Each structure stands twice: as structure tokens, then as C-alpha cells.
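Right, one structure below, let's go through it.
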Amino acid sequence: MCKMSIRWNDVNYGQAQAKNDYERLIVKDQNVVPIGFEDDPQAAEWEALRKQLIDARDEVFEEHGFDTAEKLDYDFDVAYGFKLHEILNENVGFNNREASNNDFWNWLSVRVIPDVVHSRWGDNPDHYFKISRRTWLKVIWWYIHICWDGSEEATYELIKNNTTDTIQGLIERPGIGYYVDVYHEIMKKYKDYQDRNLFRRVMKLNTARLMTTSPELVEGGIEAYVEDLFKKASGENK
Amino acid sequence: MPKIDLYRKIDEKYCSKRNADIRAGIPSLEYKNELGEMIQLPIDEEAEEKIELNEIEKGWLPEEYDLDYVQEFQIGNPSALFGSSAITDSANQIGIAAHINSREAMFQETIPLKATIKDTPEGQVLTFRHHFPKDVLRGVIKLEFFFYLASVEKKHPFQADEIGMRLSDNIFETKLVIDGTGSTFPITESSIPGGPLWQLRKHWDDPVVDPFSPASVEVELNKSHPLFKQLSDSYGKKAGLGKALMNSIVAQAMAMIIYQTVLEMNNMEGDSWSFDIAEDGSILQIVGYWQDTFEVDIQDLSISSVFNSLQQGLEKLNRKG
């Protein structure tokens, strides 16, 4: 894959603009037709990025047989999340500053690959731009980013048994900012449990504890902090 | 509601010269430019609690340069913090940590300073150094420093007894403003044939942190409505029917946002919350500003009391203006 140079800071694409363009998208035979980039000075770069992301979608569809799936779900989130993470991070110098820019995610969802978002969420604007914490491409990028365990294989082992509920519980409440190391440790630990209710209780307990406790400062650090969260949330005594 | 601590904490009393003599130095910020030269950013003592990097150093760009933050903390007489009737036993150690977070850059972490404070009459200087790599910072970054219990050998009643327990409120806090943050009333436009002229759409999850922007709440104007043109023609005008209609829509939307926010805060926190807990740029912060500016009645919470008091406040302001 070729490397590209995109001027991320030039992406100025607020909700009002995303909404206008979203209304211009046309659905044809259950597919969305993108409106193109002719009005943008980085049109060539966006076209190249689109090509990579569409090729990646086709690969993922073929590998996992999603063509025959009735509805795309968690497996697609994970498979496409890995591709998105890889393409953005490795090929176009993407970093946290860009990943926290809602304008960029609005642009990617409405202008670059609306057809891919459409295949997952139909015409629900909440997942394109309307509710930033639910913007699907942003959500799956952050999910992979937080769960990243050194390699795609290791990360997949960590998250393969999860569901869309897990993504929602982990990503849709960024609050005052993701506690990335703590969240990562929670995911590592959760791998041994796989109980949706327990996961919810752990996340709730974590939110309450962070008001008074800094995980890095407790004896044993983040690992011990998370261990204790699971013990308390599952009703085990120390 | 007053807070009751279950163990002794380092408060104002300990900061005084006669006591532990605790002082926070002025933050120092620097970066290496493209020529490899270290550039020191000028920090004004008056503005140390809100450092607008985007204003004071145009040459530093968050996507191109790293940023080094250094700050010293002096403890003139550490001994005053130790002993069975003070903060912790002489055998234990106290640390300082920085909680760093940014809602816009979507991260938070706590970093302990390397050195710790031991029981000694000799003054100690602890230095916090943090390197922010390029292309990570966005929006506003908050840094809050506090004391914590770093080691426990011996315990006494009314003293913190577990490693990591917080021993003070923030002893210093500052904000690094990376990108400008302006907020305008979140008005958006849609086309809904046969629909009402406007609707309020609520998307926020937590008013304490969620930003006052269309991502959280929007007044959605309907471009297909016959009265829409009057509204859009009134933009930028000082008077007229369209302007009056727009003002009325904004006032109703404000009343609904205030009512809903206060209701949610009361449901979540009972009567123990205040507007002080609001994050910068959050819905709660804006609601606090409106409540204060327009003297909105939120005590006996009802939509009519909120709306009527807001209308009166707006009217007063209009007459003054």
C-alpha cells in the first residue's frame, strides 16, 4: 500500500456541514452513492484513502463471507476496525490528535466512505456524525486502539468473544477522557470472564472509583486496581 | 454540602510558612524547533492557571512539535507533615502526582513525581517533568497536582492508611489551551417536509462533561417550513419579526435545556452538586452561566418557573442593552 500525506488540520467539517452533505447522499439499490471530493483541495488524497478503505472492506467481506450475512454485526466491527486502524495509523501518519477530531470522523463517514458506514448502520445519522460518541468509524478505531495488545493476533484473542455491548460500554462514555491503560487492563481481565452484566458492573464501579482513586498510585498499580474492580464487581471477597 | 474527611489532609494551614511551607513554582514550557533549538515559552505568573499556547507561541504547532512541561514544588519544612498528630507517620512517605486529562484529546492519566517527601526538617524540591509527544494534544489539557500517600510502614487513627490515598485537594491546577474553543448556540438546519418549524434534539449523555455543541444538543430548524425564510433572513439583523421569532425560539430552547440539565443533575446527585463541577465548555457550565446571568429560578424546579424567570432576565438585559 502506498503512503499518503494528508493535511489533517485542514479538515474543517462541523456537524452542520456534515448534516447538509448527509442529506445529499443518495441511496440506490440499498447502497449509498458518495458525493465525491471535487470541492476539496485534497481530493486526490481522499480518493486514494477511499480506495484503500474500500479495498479493505472488500477483503474483509471475502475473508469472512459477510456477503451472505443477513446483517453485519460485531464480527464486522472488529474485522473492519483492524483494517481502519492499520490503514490510518501506518499509511497516513494518523495519531491521537487526529483520532480525537470529530470533524475528521464526520468527514470520513459522510464524504469518504459513507457506503461502508451504510452497510453497517443503514441511514441512521447517529452513527455517521450526529452523536459523536456513536460515530461508528471513530468508535471502532478507538475500540481497537484501546484493546491493542501488540499485534492483531494478540488483540483479536483479547476481544474475539465480546459483543457490540462491550464496545458500547467501553467506548461510548469517554467522560473527561479515556483512561487508556486502565481500559486496556479491564479488557485483558474481562477475557477470562465474558459476562455482560459483570462487565457493566465493572465499568460502573470504575467510574465511581475514579472520582476518589488514581489507579496508577494504588499498591500494585493499574493491574491490582483492575483485579480489585473485578473482585468487588463479581462479589468475591478479597 | 460541606465535605467531611475521614482522615487528616494537607490543607491551607499546612501550606503556610510557619508550617510545612508548601509552594508551587511557575510552570515552564519548552519545545525544540525545526533547527533543533530549545524554545522557552513565556509564561506570565498572572496567567499560570490558563496557559493559552495558541496565543503565546504561534511557532509551536501541536501536530509538529513535542512539548515539555516542567514545574517545581517546594516543601520548606517537610517535618510538619509527619507524626501521629499530623498527616502520616514519620516512617511513611508522601508523594505528589499530576492528573492530566483532556475531554477534547480524549485521554486521562495520573503521573506520580519521581521523588517522594520524607520526614526531614530540610527543605525539599520535587520536580515534575512531562514530555507530551507531537500530534497528541488537542483542545484544552488540564493538569491537577495533589499529594498522596506513597508508602505506609506505620498507621495511626485518623490518618490515611492505604498507598495511593489522596492527601489533599489540588495544590496547583492549570489548563493548557492548545486549540481555540469558542461556543455558539448549536443551531442546525434540516429539511423535514410537513414538520414543525423547529425542534430541540437532545443527544447528551452527561451534562457535566458533554460539550455544548450540536453533538450534544441542537435546535434543529426546518428548511421546508414556510416560516423558515423569515428566520434565515433575520440572521445578523437587530430587529424585525424574524428576529423576534428567533429570539423566542432560543429562549424556549434555553429554558428546556436548563430544566432538563438541572433535573438530571438533581436525579443523579441529589442536592450535593454545584455548577463548579462542570467541565470547560460543557452543557452544565453553560447552564450555570445562564442561571447566573439571567437569574433563573432553579430552586422549585418546574418548566414554568425556569421559563418565566429566564424571560424576565432576558427582558431586563434587553432593556439595559
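Filter the stretch B:109-145 down to the residues that are among the hydrophobic types (A, V, I, L, M, F, W, C) and facing chain A (nearest Cβ under 9 Å), then identify the one that is nearest to the chain's Cα centre (by Cα).
Across the stretch B:109-145, the extreme among qualifying residues is B:Leu137.
Would you check if there is a residue in the stretch A:55-69 being β-branched (Val, Ile, Thr) and within 22 Å of the chain's Cα centre (by Cα)?
If we filter the stretch A:55-69 for residues that are β-branched (Val, Ile, Thr), which is where we start, we get A:60, A:68.
Cutting the leftovers down to within 22 Å of the chain's Cα centre (by Cα) gives us A:60.
Looking for residues that are β-branched (Val, Ile, Thr) and within 22 Å of the chain's Cα centre (by Cα), one finds at least one in the stretch A:55-69, hence yes.
For B:Gly59, only one of the following conditions fails: (1) touching a Pro at 6+ places or on another chain (Cβ under 7 Å); (2) part of a loop (DSSP other than H, G, I, E, B). What is its number?
Status for B:Gly59: all satisfied but (1).
Need the failing condition index for B:Asn170 against (1) in the same structural domain as B:Gln108 (by TED's automatic domain parsing); (2) in contact with a Ser or Thr (Cβ under 8 Å, 6 or more places away or on another chain), just the number.
So the condition that B:Asn170 fails would be (2).
Looking at (1) out of contact with any strand residue (DSSP E or B) (no Cβ under 6 Å at 6 or more places or on another chain); (2) assigned to a helix (DSSP H, G or I), which one does A:Ala16 not meet, given that it meets all the others?
(1)
Taking B:Thr120, is it touching a helix residue (DSSP H, G or I) at 6+ places or on another chain (Cβ under 7 Å), of a type outside the set (D, E, K, R) and assigned to a strand (DSSP E or B)?
No; evaluated as a whole, the condition is false for this residue.
Check whether at least one residue in the stretch B:19-31 is more than 20 Å from B:Gln74 (Cβ to Cβ), part of a strand (DSSP E or B) and in contact with a helix residue (DSSP H, G or I) (Cβ under 9 Å, 6 or more places away or on another chain), and report yes or no. Please lay out each step first, then the result.
Kept after step one, since they are more than 20 Å from B:Gln74 (Cβ to Cβ), are these residues of the stretch B:19-31: B:30-31.
Filter once more, keeping what is part of a strand (DSSP E or B): B:30-31.
If we keep only those that are in contact with a helix residue (DSSP H, G or I) (Cβ under 9 Å, 6 or more places away or on another chain) too, we end up with none.
Looking through the stretch B:19-31, none of the residues is more than 20 Å from B:Gln74 (Cβ to Cβ), part of a strand (DSSP E or B) and in contact with a helix residue (DSSP H, G or I) (Cβ under 9 Å, 6 or more places away or on another chain).
Just one of B:Met246, B:Met254 is touching a Ser or Thr at 6+ places or on another chain (Cβ under 6 Å) and over 30 Å from A:Lys204 (Cβ atoms); which is it? If you could, list the steps in order and put the result at the bottom.
Details: B:Met254 fails: touching a Ser or Thr at 6+ places or on another chain (Cβ under 6 Å).
Only one candidate qualifies: B:Met246.
I'd like the residue in the stretch B:184-231 that is among the hydroxyl-bearing types (Ser, Thr, Tyr) and farther than 28 Å from B:Thr261 by Cβ and, out of all such residues, is farthest from the other protein chains (Cβ to nearest Cβ). Break it down stepwise before answering.
Going residue by residue through the stretch B:184-231, those that are among the hydroxyl-bearing types (Ser, Thr, Tyr) are B:184, B:188, B:190-191, B:213, B:216, B:224.
Pick out the ones that are also farther than 28 Å from B:Thr261 by Cβ and you get B:191, B:224.
Values: B:Ser191: 6, B:Ser224: 11 Å.
It comes out as B:Ser224.
For the stretch B:174-232, what are the residues that are aromatic (Phe, Trp, Tyr) and surrounded by fewer than 18 Cβ atoms within 10 Å (Cβ to Cβ)?
Across the stretch B:174-232, the qualifying residues are B:Phe185, B:Phe228.
For the stretch B:168-256, please list each of the strands (runs of 3 or more DSSP E) lying entirely inside it that holds at least 1 residues being among the charged types (D, E, K, R) and under 27 Å from the mean Cα position of the chain (by Cα).
Values: elements: B:172-177, B:187-190, B:198-202, B:217-222.
Of the strands (runs of 3 or more DSSP E) lying wholly inside the stretch B:168-256, those with at least 1 residues that are among the charged types (D, E, K, R) and under 27 Å from the mean Cα position of the chain (by Cα) span B:172-177, B:198-202, B:217-222.
Any residue at all in the stretch A:192-211 that's more than 23 Å from A:Ser100 (Cα to Cα), touching a residue at least 40 places away in the same chain (Cβ under 8 Å) and out of contact with any Gly (no Cβ under 6 Å at 6 or more places or on another chain)?
Yes, there is a match, as at least one residue in the stretch A:192-211 is more than 23 Å from A:Ser100 (Cα to Cα), touching a residue at least 40 places away in the same chain (Cβ under 8 Å) and out of contact with any Gly (no Cβ under 6 Å at 6 or more places or on another chain).
A:Ser214 versus (1) facing another protein chain (nearest Cβ under 9 Å); (2) surrounded by 20 or more Cβ atoms within 10 Å (Cβ to Cβ); (3) out of contact with any His (no Cβ under 8 Å at 6 or more places or on another chain): which is the lone unmet condition?
Exception for A:Ser214: condition (3).
Tell me, which helices (runs of 4 or more DSSP H) lie completely within the stretch A:82-180 with 1 or more residues that are more than 13 Å from chain B (Cβ to nearest Cβ) and out of contact with any helix residue (DSSP H, G or I) (no Cβ under 9 Å at 6 or more places or on another chain)? So that I can check it myself, show each step before the final result.
Working: elements: A:96-99, A:102-107, A:114-121, A:136-147, A:152-159, A:164-171.
Filter on the stretch A:82-180 gives A:114-121, A:152-159.
Condition first: within 20 Å of B:Gly95 (Cβ to Cβ), more than 9 Å from every other protein chain (Cβ to nearest Cβ) and outside any loop (DSSP other than H, G, I, E, B). Now tell me which residues in the stretch A:191-211 satisfy that. I'd like the intermediate steps shown before the answer.
So in the stretch A:191-211, the residues within 20 Å of B:Gly95 (Cβ to Cβ) come out as A:209-211.
Restricting the remaining residues to those that are more than 9 Å from every other protein chain (Cβ to nearest Cβ) gives A:209, A:211.
Across the stretch A:191-211, the qualifying residue is only A:Arg209.
So in the stretch B:302-313, with the set limited to residues that are of a type outside the set (Gly, Ala, Ser) and out of contact with any helix residue (DSSP H, G or I) (no Cβ under 6 Å at 6 or more places or on another chain), which one is nearest to B:Pro214 (Cα to Cα)?
B:Gln311
When you look at A:Phe37, is it in a loop (DSSP other than H, G, I, E, B), within 14 Å of another protein chain (Cβ to nearest Cβ) and surrounded by fewer than 21 Cβ atoms within 10 Å (Cβ to Cβ), yes or no?
Numbers: in a loop (DSSP other than H, G, I, E, B): yes; within 14 Å of another protein chain (Cβ to nearest Cβ): no; surrounded by fewer than 21 Cβ atoms within 10 Å (Cβ to Cβ): yes.
For A:Phe37, the condition - in a loop (DSSP other than H, G, I, E, B), within 14 Å of another protein chain (Cβ to nearest Cβ) and surrounded by fewer than 21 Cβ atoms within 10 Å (Cβ to Cβ) - is not met.
Can you find even one residue in the stretch B:66-78 that is part of a loop (DSSP other than H, G, I, E, B) and surrounded by fewer than 16 Cβ atoms within 10 Å (Cβ to Cβ)?
Going residue by residue through the stretch B:66-78, those that are part of a loop (DSSP other than H, G, I, E, B) are B:66, B:76-77.
Then keep just the ones that are surrounded by fewer than 16 Cβ atoms within 10 Å (Cβ to Cβ); that gives none.
No, because not a single residue in the stretch B:66-78 is part of a loop (DSSP other than H, G, I, E, B) and surrounded by fewer than 16 Cβ atoms within 10 Å (Cβ to Cβ).
The values are calculated or read from the model by the stated rules, or taken from the named source; none is laboratory data. Everything numeric in this text was worked out from a predicted model, so none of it was measured. Every residue, glycine as well, gets a Cβ built from its backbone with ideal geometry; the counts of neighbours run over all protein chains shown.
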